[in-house]
Amino acid sequence: MILEVNELTKHFGGLKAVNGVDLRVEQGSIHSIIGPNGAGKTTLFNLITGSIPPMSGTVLFDGRDITGWPPERLARGGVARTFQRTSIFMDLPVLENVALAIRSREGCSASLWQSHQHEDEAADEARGILASVGLRGREDAKAGMLAHGYQRALDIAIGLALKPRLILMDEPLAGMSRGDRETIAALITMLRETMGLTIIVVEHDVGMVMRLSDRITVMQHGTVIADAPPDEIRGNEAVRQAYLHGSFAQ
Ligand SMILES: Nc1ncnc2c1ncn2[C@@H]1O[C@H](COP(=O)(O)OP(=O)(O)O)[C@@H](O)[C@H]1O
Ligand SMILES: [Mg+2]
């Protein structure tokens with residue numbers, strides 16, 4: 001298992017947002033987390049990626065205890081994430097968005113990065129990453145001018161710039177057209193196939209989740225109510241009930 005989450009807990013006052021969650025994610029898998037709005041999915045992501053510290057519980061990455069590591073340290077250790085809201089600098093060119101992420105990974109001082117050699121290396125690497133997400137030929141476009149689907153691909157490219165082994169994506173298909181959703185889903189599958197990345201996805205598009213995932217964890221009221229391959233999730237009675245009674249936004 002590349003990721004092992006044990007009894008992870010975070011309450012907000014009396015609200016048990018994440019309450020004793022266990023999660024096992026296999027190396028090289030696409031593992032989705034679904035559940036009604038307010039189930040605790042984003043909070044679980046925030047706990048795993050160090051945006052907020054857990055009250056209790058542990059997170060192991062590759063057998064190493066990373067509980068409470070801040071996001072920058074995690075990123076250097078191989079764990080990246082994309083956000084529900086985008087992390088793109090809309091006024092900058094596409095290439096520069098990825099080059100910036102590469103520079104932040106290297107943690108180099110500004111003066112070092114002003115040297116032309118490093119600039120070139122970052123730009124070359126950024127071009128390679130952009131090609132891998134289908135953005136070849138769009139390097140010089142202003143990010144804000146990209147179509148929605150391409151912006152999401154750029155978001156993923158920014159995550160990949162950290163050279164992660166595990167990437168967590170919060171609603172990568174949200175707010176996209178059917179065609180764009182297919183494109184991003186194909187991209188997610190391709191990243192797993194070609195880079196051997198492990199990908200954890202929070203997603204509302206259950207149809208897509210069923211097709212995309214090797215395994216699905218279902219959350220409700222801060223706890224895990226099911227954890228199984230897609231076929232078993234489909235027939236799971238507790239999951240069906242959660243869907244019926246929860247407010248499942250599409
Ligand atoms: N920073 C916070 N302060 C207080 N309550 C929060 C905070 N973040 C999330 N919550 C609450 O925790 C619950 C789980 O939220 P969230 O993890 O965003 O759910 P999901 O991503 O599954 O929709 C919700 O009831 C939400 O209102
Ligand atoms: Mg959420």
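Selection within segment 18-36: residues that are surrounded by 23 or more Cβ atoms within 10 Å (Cβ to Cβ) and over 17 Å from the mean Cα position of the chain (by Cα). The member of this set that is nearest to ligand 2 (Cβ to nearest atom) is VAL18.
Scanning segment 185-240 for residues that are part of a strand (DSSP E or B), away from ligand 1 (no atom under 16 Å from the Cβ) and surrounded by 21 or more Cβ atoms within 10 Å (Cβ to Cβ) yields THR198, ILE199. Looking at ALA185, ALA174, just one residue is farther than 21 Å from ASP22 by Cβ, in contact (Cβ under 8 Å) with a residue 24 or more places away in the chain and in contact with a Lys or Arg (Cβ under 8 Å, 6 or more places away or on another chain), and that residue is ALA185. Return yes or no: is ALA174 closer than 27 Å to LEU74 by Cβ, surrounded by fewer than 23 Cβ atoms within 10 Å (Cβ to Cβ) and within 16 Å of ligand 2 (Cβ to nearest atom)? In short, yes.
Here segment 155-170 is the region considered, the condition is being touching a strand residue (DSSP E or B) at 6+ places or on another chain (Cβ under 6 Å) and not aliphatic (A, V, I, L, M), and the residue that is farthest from ligand 1 (Cβ to nearest atom) is PRO164. Scanning segment 125-143 for residues that are surrounded by 13 or more Cβ atoms within 10 Å (Cβ to Cβ) and charged (D, E, K, R) turns up GLU125, ARG127, ARG138, GLU139, LYS142. Residues being in a helix (DSSP H, G or I), of a type in the set (A, V, I, L, M), modelled with pLDDT of 90 or more and under 15 Å from the mean Cα position of the chain (by Cα) are entirely absent from segment 168-178. Looking across segment 37-52, the residues that are surrounded by fewer than 20 Cβ atoms within 10 Å (Cβ to Cβ) and more than 10 Å from ligand 2 (Cβ to nearest atom) come down to SER51, ILE52.
Condition first: free of Cβ contacts under 8 Å to residues at least 60 places away in the same chain and out of contact with any helix residue (DSSP H, G or I) (no Cβ under 6 Å at 6 or more places or on another chain). Now tell me which residues in segment 77-91 satisfy that.
Going through segment 77-91, the residues free of Cβ contacts under 8 Å to residues at least 60 places away in the same chain turn out to be 77, 85, 89-91.
Hits for segment 77-91 are GLY77, ARG85, ASP91.
For segment 134-150, check the following and say yes or no: at least one residue is out of contact with any Gly (no Cβ under 7 Å at 6 or more places or on another chain), away from ligand 2 (no atom under 16 Å from the Cβ) and either closer than 20 Å to ASN46 by Cα or aromatic (Phe, Trp, Tyr) (or both). Checking segment 134-150: at least one residue is out of contact with any Gly (no Cβ under 7 Å at 6 or more places or on another chain), away from ligand 2 (no atom under 16 Å from the Cβ) and either closer than 20 Å to ASN46 by Cα or aromatic (Phe, Trp, Tyr) (or both).
The values are calculated or read from the model by the stated rules, or taken from the named source; none is laboratory data. What you see is a predicted model; the values in this text were computed from it and never measured. Neighbour counts are summed over all protein chains in view; Cβ atoms, including those assigned to glycine, are modelled from backbone coordinates with ideal geometry.
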